[in-house]
1. Output the residues belonging to the stretch 230-250 that are surrounded by fewer than 16 Cβ atoms within 10 Å (Cβ to Cβ) and assigned to a strand (DSSP E or B).
2. Of all residues in the stretch 58-102, count the ones that are more than 25 Å from Ser251 (Cβ to Cβ) and in contact with a helix residue (DSSP H, G or I) (Cβ under 6 Å, 6 or more places away or on another chain).
3. Those residues that are out of contact with any Phe, Trp or Tyr (no Cβ under 6 Å at 6 or more places or on another chain) and either without any contact (Cβ under 8 Å) to a residue 60 or more places away in the chain or surrounded by fewer than 16 Cβ atoms within 10 Å (Cβ to Cβ) (or both), I need them from the stretch 292-303; list them, please.
4. For the stretch 348-358, how many residues are surrounded by 15 or more Cβ atoms within 10 Å (Cβ to Cβ) and part of a loop (DSSP other than H, G, I, E, B)?
5. Looking at Leu34 and the list (1) buried (at least 16 other Cβ atoms within 10 Å of the Cβ); (2) of a type in the set (A, V, I, L, M); (3) at pLDDT 50 or above, which single condition is not satisfied?
6. Return the residues of the stretch 411-426 that are in contact with an Asp or Glu (Cβ under 9 Å, 6 or more places away or on another chain) and either part of a loop (DSSP other than H, G, I, E, B) or among the polar types (S, T, N, Q) (or both); say none if nothing qualifies.
7. What are the residues in the stretch 110-150 that are under 21 Å from the mean Cα position of the chain (by Cα) and assigned to a strand (DSSP E or B), if any?
8. Regarding Ala93, is this residue modelled with pLDDT under 90, in a helix (DSSP H, G or I) and farther than 28 Å from Leu429 by Cβ?
Amino acid sequence: MALNDYVQLSELGEADVLSKGPGTSTANADTGDLRRKFNFGDRVSELAIAQDPFFRFVSKASKKPTDDPTFKFTEKRGSYHKRYAYLEAFGSAFGTALDTAANDQDAAGDTFYGKFGSDYKNTGNLQNRYGLNTDYVVGGDDTKPLFFLPGQLIKVPVTTASNLSDDQSVSDYQIVKISNVVDNGNYVNVTGTVVKGVGADSYYMGVPASVTASAATQSEEALAPYKVYVVGTAHDEGSGYPETWMDQPYSTQYGVTQIWKTSAAMTNTARATALKYESNEWARIWKEKLVEHKWDIETSLLFGRQSEDYNTTQGAVDYIMTYGNQFTLDTATKTSDDFLDDMSAYMDPRYNSQSANVFFCNTAVYNWMHKMGGYFKNNAEISSNFRADIAMTGKKKVFGVDITTFTTPYGDMNVARNIHLDGTNVKMLGIDMKNCAYRPLAGNGVNRDTSVYVGVQTLENSGVDRRVDLILTEAGMEWCMPESHAIWL
């Protein structure tokens, strides 16, 4: 099909609108049926559902049209569970190291001096993701804890061993009532009074090694022992209004739409010829091309990489490997205990409170989960006091996709087999369907969500007409809240 049959967005000007397009004579601008648009919409997703479960889900449950091929969106991350910090130093000069013998803690009534930092960005409340290298280190740019206020009560953990050992065994905790807060670069200096003291020879927990260097981020369970949390406020009678603080929970991202095209061509002679087995060869090819088109969309939405230079959208695998949580899964060595540890880290409510997750896995993991949660429970029960914590509790269809439900201590897992992950390094994708969206381009009465353009073109020097049907989709993926997405490799 000739390039000049289409008006390019970058070339669109008054002359192009008044005529047919650049380099085209208006006397020969016979577009036939090419100016007709046959909108297919969701009909494409109805074909061969089991082959393309992710596209099926996003086109049915997470469709948000956009009217710009480069679209922007905003993420909001709450701060209510991020009011924590790490104790960097202590002492009246706010500079005493935490690995000295002078770490014996204060008794009730003594004055507390502490220098605090955090490991998340206060502009957008951006945080580190499990299994990826630490992006936000204590004391880094825009990591200052902004929430400390006079009148707050904070819980300061202590241990019986020097924090040089990076010990996670909390032996006790102090309660401190804050009296004064002063900025100190990307830290804050806090002065307060000890309300609850601890025994002698106790050490402050300090800052864990994994948030001060380029190491893989630990789970919230592993980091929690080091964190100093706000545990309420206490004010005198008639003390008036306290101070307040304001967070900045929003961050803006952008996405790009991608154009998928699948064409079919046949002479009218071939179309008019009745064949054996399937009489209408055009109908057979047309159905195959629709499935091929959907297959291409599915693989792009899984493996694509966002680029404005190449007009490609963001794929699930690329996004989650870059921004999401990463776990390992070897079906030969992974145990149910190991997998429950993964789920505990991924679904920790201090970190990820989302619950609209669908787990897309390859065939080997799909079989592994059925063996672990189905065959084991039904065939290896030792006694009524012995049970499997990962149990297959049923099957269902969601938007026509076969879903197996596994019950775990961290909620139900909805698992779908995705054959496109076979033969790749990806074992399973945990995707929160509320925090991703399929964004077809639609505006000014034009819908680019799987449309069909039909026309007739004359073959050069042949005088023979052939039919050209172009299946065209222009859409992109929007991804937000990386904490709610995970990948097992």
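The values are calculated or read from the model by the stated rules, or taken from the named source; none is laboratory data. On a predicted model such as this, the values are computed, not experimentally measured, just so you know. All Cβ positions, even for glycine, are placed from backbone atoms using ideal geometry, and neighbour counts span all protein chains on display.
1. Hits for the stretch 230-250 are Val231, Gly232, Thr233, Gln248, Tyr250.
2. So the answer is 3.
3. Glu292, Thr299, Ser300, Phe303
4. Number satisfying all stated conditions: 4.
5. Condition not satisfied by Leu34: (3).
6. Correct list: Asn418 only.
7. Lys121, Thr123, Leu126, Asn133
8. Values: modelled with pLDDT under 90: yes; in a helix (DSSP H, G or I): no; farther than 28 Å from Leu429 by Cβ: yes.
The answer is no for Ala93.
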